[in-house]
Amino acid sequence: MSEPIVLSAYLPLFRVPGALPFIAGTMFSRIGGAMFGVAVIVMVSERQGSYGLAGAVSAVGLAVLAVAGPLLGRLIDKHGQRRVALPFVAVSAASGLGAAASSAFSAPVWTLFVLYGLSAFLPEPGPMSRARWAHIFRDDPDRLHTAMSFEQVADEASFVIGPVLAVLASTLWFPEAGLIMAEVLFTAGVVTFLSARQTEPPVVPHAERPTGLAVRRPGLLVVAGALVLTGVIFGANEVIAVAYAEADGSKSLSSLVLGLFAVGSTVSGVIFGSRVFTSTLTRRLLLSAVAMCVLEVPALFVGSTWQLAVVMLVAGSATAPMLITSLTLAQRLVPKALVTEGMAVAVTGILVGISLGSVVGGWAVEALGPQRAYLLPVLAGAVAVAVVGIRYRGLARAEAAGTPWRNPGPA
């Protein structure tokens, strides 16, 4: 399959009337959102001299975001994107900039926890964007699959591209630069996204909404659990890569490590999202989890930051299939009226995992050293394989009973 053929599958999305503003908006907001965690880690570790404290501050923000995601997703499904999202984005921007100021002016540590935590109570752009595609292509399942694949590639790429920008800004300029840049990109992106009112989906009337919470749909918790462990790998890799490069005397090369992870992940994601598959999503989820675990193992044996960068390039190629498959499956498990809430639950799994990975990754670095700390992401991958493997049959049944209009086949 040649590169032009692969990319051509996504071109019709950009021709949808009114789609360009919300595509551009989510691009910037996703990258900004993905910068928050590592930006705070670099900022706090530089100012306070502790990776453990840095991971804890990052974890608080991600924990708040994990709570906010499903809650705001449900409100958005009920009341509309623009009406719900704008006020929370404004408060988030003010609080995030306040956290950067607290760090720069050596305010008490507790102010970092409070302000950064407040800044994390915000709506996720990914679920809102997917809800728009679901409305636009409600009568075209093939185009909907292409759009959802594009969304998942964009989500996955942002989680690995954003940290690179955060590290570069914070190491080349000043410790708070990464967080400030993240706030600017996220806020500008969401405002641009919400300004594209032509593509905003209408609110489903209350009488037509299914009862209950999205999280109670069969199989969704299994997928969210697998995504928690995927997030642990992301969060741990961010902390450990910075610590390993610093111990190797080349801290600035940590951006190279994360950058090559992004390259491997993004390229594999674009290809994976455009291919034809005959296997079930559940089977692909299990195989992706195995690959994600196995490809992290060589990080335990590298001898330099350059070698680590090569290993992360290969390891990154496994994360895109894992995210694309799990998020596609999550969409299939929920009805259309709960798509924002359901996707928020899935994304929350990733965020909870990143939070745990950041905290435990910081502890692992301080207790085991950067090299042996890579046992954490390897173990997280192994547990992901176990979670999916143990619940394999039930998840396969839930997939088979999923909403028909979310066809997981190729465009």
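Restricting segment 291-314 to residues that are in contact (Cβ under 8 Å) with a residue 60 or more places away in the chain, in a helix (DSSP H, G or I) and buried (at least 18 other Cβ atoms within 10 Å of the Cβ) leaves a set whose member that is farthest from the chain's Cα centre (by Cα) is Thr305. Taken together, the criteria place Leu97 among residues that are out of contact with any Cys (no Cβ under 6 Å at 6 or more places or on another chain), closer than 22 Å to Phe174 by Cβ and surrounded by fewer than 21 Cβ atoms within 10 Å (Cβ to Cβ). Set side by side, the residues Ile240, Ile324 differ, and just one is within 22 Å of Arg143 (Cβ to Cβ), under 19 Å from the mean Cα position of the chain (by Cα) and part of a helix (DSSP H, G or I), which is Ile324. Name the residue that is modelled with the lowest pLDDT, counting only residues in segment 339-364 that are more than 16 Å from the chain's Cα centre (by Cα) and under 23 Å from Ala120 (Cβ atoms). Across segment 339-364, the extreme among qualifying residues is Val339.
Consider segment 234-282 and keep the residues that are surrounded by fewer than 21 Cβ atoms within 10 Å (Cβ to Cβ) and of a type in the set (D, E, K, R). The one that is modelled with the lowest pLDDT is Arg275. When Leu72, Leu112 are checked against the criterion of being under 19 Å from the mean Cα position of the chain (by Cα), surrounded by 21 or more Cβ atoms within 10 Å (Cβ to Cβ) and in contact (Cβ under 8 Å) with a residue 60 or more places away in the chain, Leu72 stands alone in meeting it.
Listed here are the residues, each with its yes/no results for (1) over 20 Å from Phe137 (Cα atoms); (2) modelled with pLDDT of 80 or more; (3) of a type outside the set (Phe, Trp, Tyr).
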{"position": "Met1", "(1), (2), (3)": "yes, no, yes"}
{"position": "Leu7", "(1), (2), (3)": "no, no, yes"}
{"position": "Gly25", "(1), (2), (3)": "no, yes, yes"}
{"position": "Gly37", "(1), (2), (3)": "yes, no, yes"}
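Going through (1) surrounded by fewer than 22 Cβ atoms within 10 Å (Cβ to Cβ); (2) within 22 Å of Ile161 (Cβ to Cβ) one by one, Leu287 falls short only on (2).
Just to verify a result, which residue in segment 327-336, among those that are in a helix (DSSP H, G or I) and of a type outside the set (D, E, K, R), is surrounded by the most Cβ atoms within 10 Å (Cβ to Cβ)? Can you show your working first?
The first filter runs over segment 327-336 and keeps only residues in a helix (DSSP H, G or I), leaving 327-332, 336.
Okay, now just the ones that are also of a type outside the set (D, E, K, R), so 327-331.
Details: Leu327: 26, Thr328: 24, Leu329: 26, Ala330: 30, Gln331: 27.
The selected residue is Ala330.
Contact annotation: no residue pair with Cβ atoms under 8 Å, 6 or more positions apart or on different chains, pairs a residue in segment 219-234 that is free of Cβ contacts under 8 Å to residues at least 24 places away in the same chain and part of a helix (DSSP H, G or I) with a partner that is basic (Lys, Arg) and crowded, with 24+ Cβ neighbours inside 10 Å.
Of the residues making up segment 165-179, at least one is under 23 Å from Asn237 (Cα atoms), in contact with a Phe, Trp or Tyr (Cβ under 9 Å, 6 or more places away or on another chain) and at pLDDT below 85.
Against the definition (out of contact with any strand residue (DSSP E or B) (no Cβ under 8 Å at 6 or more places or on another chain) and without any contact (Cβ under 8 Å) to a residue 12 or more places away in the chain), how does Phe272 come out, yes or no? No: the conditions fail for Phe272.
The values are calculated or read from the model by the stated rules, or taken from the named source; none is laboratory data. Here the structure is a predicted model, which means the values were calculated and not measured. Positions of Cβ are generated from backbone atoms using ideal geometry, with glycine treated the same way; all protein chains shown enter the neighbour counts.
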